[in-house]
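Chemist: Have a look at this one before I ask anything.
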Amino acid sequence: MLKTMQPMIDPFGRRITYLRVSVTDRCDFRCVYCMAEAMTFLPRKELLTLEEIDRLTSAFIAKGVRKVRLTGGEPLVRKNLMWLIKSLSRHLGAGLDELTLTTNGSQLARYAECLADCGIARINVSLDTLDPAKFKTITRWGDFAQVMAGIDAADRAGIKIKINTVALRGVNEDEIEALLRFAHARGFDLTLIETMPMGETGADRTEQYLPLSLVRARLQDRFTLEESPYRSGGPARYVQVGETGGRLGFITPLTHNFCEACNRVRVTCTGTLYMCLGQEDAADLRAPLRASESDHLLNAAIDAAIAAKPKGHDFVIERGGKPALSRTMSTTGG
Ligand code: SAM
Ligand code: SF4
């Protein structure tokens, strides 16, 4: 059992128990709301090595993090990621309750068995449409059949799946019901996400933005949605759908601010710690990590960063407006 040091409690009394780790900024897709098609990625030498990510993540676990989510970019395109997952899985049941990942599903067919063997019990798979042609339009480079095969493989391996769908005006708003029926028929949860104004993607956000309050009102005409006390440890609020018996989550950073109960911080693949998804406040952890083989500098840098965690974000989407943040979602991994 790892010895837990001082727990991380921010100035607003929130205990930090959830770490999201972006293991790469690269991706094999180019989703229209996430990246521009001509993305420039970081030079590889800027990236933390897998051993460094392991050490950094383990330091957070020693400081009370109980849930770790690997993300990206696309986490499963990082070379040797299975080494990292195997290594981090040593903390499961020894301080860490959950090790999970968010993926676009493209590489799942290859890795599902190994993930399950490493104790990955649940994953989030992003899927915005069930129409292969539309899938290509949204992801630009993705292959729908490959993702479906990945989802099937994860399901067969016994991994619980949550589908994440970004609600996009005029793109998939007519498919939300189909996605809900698909997910629940397979025993998957479905979570809907509002687009957040992050990074220049070459698209106008006001054209993509679809308030989930509207989606929910439309669903309520056809389904019985009952408030559920269920929490997945994230910002989603859930309802139970009477007709399907499944769970539906809403992540509403724009129509409902969810910061009061924020329990998380995010670290990028270069070792930058973001204390809030919607703010620029950040701390460099790579320098203290590399400065000493012992963790004392790293721990001091983490403590200083947590003491500066902002109260929350205040996203607004304005017509013709600039993104609220210049970094894309693929920097911090959502
Ligand atoms: N590549 C993986 C994937 O797509 O699942 C992990 C990283 S991706 C950045 C994590 C999540 O962020 C995905 O569910 C994606 O749909 C979502 N996302 C990306 N850009 C977004 C944006 N501007 N607003 C809201 N969600 C976004
Ligand atoms: Fe890649 Fe995920 Fe961003 Fe799509 S949302 S471009 S899959 S990082």
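Chemist: Does ARG14 qualify as being in contact (Cβ under 8 Å) with a residue 12 or more places away in the chain and either more than 16 Å from TYR274 (Cβ to Cβ) or touching a strand residue (DSSP E or B) at 6+ places or on another chain (Cβ under 6 Å) (or both)? Even if it seems obvious, please write down each step before you answer.
Modeler: On the way: in contact (Cβ under 8 Å) with a residue 12 or more places away in the chain: yes; either more than 16 Å from TYR274 (Cβ to Cβ) or touching a strand residue (DSSP E or B) at 6+ places or on another chain (Cβ under 6 Å) (or both): no.
So ARG14 does not fit the description; no.
Chemist: Next question, about the same structure. Filter the stretch 145-164 for residues that are touching a Ser or Thr at 6+ places or on another chain (Cβ under 8 Å) and either surrounded by 21 or more Cβ atoms within 10 Å (Cβ to Cβ) or part of a strand (DSSP E or B) (or both) and give the result.
Modeler: First, the residues of the stretch 145-164 that are touching a Ser or Thr at 6+ places or on another chain (Cβ under 8 Å): 146-147, 150, 162-164.
Result: VAL147, GLY150, LYS162, ILE163, ASN164.
Chemist: Among (1) aliphatic (A, V, I, L, M); (2) open to solvent by 20 Å² or more (accessible area, probe 1.4 Å); (3) over 30 Å from PRO7 (Cα atoms), which single condition is ILE251 missing?
Modeler: Result: ILE251 passes all but (3).
Chemist: Let me ask something additional. In the stretch 63-90, how many are under 18 Å from MET8 (Cβ atoms) and open to solvent by 10 Å² or more (accessible area, probe 1.4 Å)?
Modeler: Let us first name the residues in the stretch 63-90 that are under 18 Å from MET8 (Cβ atoms), namely 63-69.
Of the ones still in play, those that are also open to solvent by 10 Å² or more (accessible area, probe 1.4 Å) are 64, 66-67, 69.
Number satisfying all stated conditions: 4.
Chemist: Turning to a different aspect of this structure: Could you list all residues from the stretch 53-84 that are without any contact (Cβ under 8 Å) to a residue 40 or more places away in the chain and within 15 Å of ligand 1 (Cβ to nearest atom)?
Modeler: Once the filter is applied, which keeps residues that are without any contact (Cβ under 8 Å) to a residue 40 or more places away in the chain and within 15 Å of ligand 1 (Cβ to nearest atom), the stretch 53-84 yields only LEU76.
Chemist: Also, quick follow-up: Tally the residues that are among the hydroxyl-bearing types (Ser, Thr, Tyr) and assigned to a helix (DSSP H, G or I), restricting the search to the stretch 41-80.
Modeler: First, the residues of the stretch 41-80 that are among the hydroxyl-bearing types (Ser, Thr, Tyr): 49, 57-58, 71.
Subsequent filtering for residues that are assigned to a helix (DSSP H, G or I) retains 57-58.
Counting residues in the stretch 41-80 that are among the hydroxyl-bearing types (Ser, Thr, Tyr) and assigned to a helix (DSSP H, G or I) gives 2.
Chemist: Same structure again: If we keep just the residues of the stretch 91-123 that are surrounded by fewer than 20 Cβ atoms within 10 Å (Cβ to Cβ), more than 17 Å from the chain's Cα centre (by Cα) and within 16 Å of ligand 1 (Cβ to nearest atom), which is nearest to PHE182 (Cα to Cα)?
Modeler: ALA109
Chemist: On to the next question. Looking at the stretch 124-135, which of its residues are within 15 Å of ligand 1 (Cβ to nearest atom) and either assigned to a helix (DSSP H, G or I) or not polar (S, T, N, Q) (or both)?
Modeler: Looking only at the stretch 124-135, we keep the residues that are within 15 Å of ligand 1 (Cβ to nearest atom), and these are 124-129, 134-135.
VAL125, LEU127, ASP128, LYS134, PHE135, listed by residue number.
The values are calculated or read from the model by the stated rules, or taken from the named source; none is laboratory data. Please read these numbers as outputs of a predicted model, since none were measured by experiment. As a convention, Cβ positions derive from the backbone with ideal geometry for all residues, glycine included, and neighbour counts pool all protein chains shown. For the accessible areas, the whole protein counts, side chains as well, though only heavy atoms, and no ligand, DNA or RNA atoms are used. Shrake-Rupley method; radii C 1.70, N 1.55, O 1.52, S 1.80 Å.
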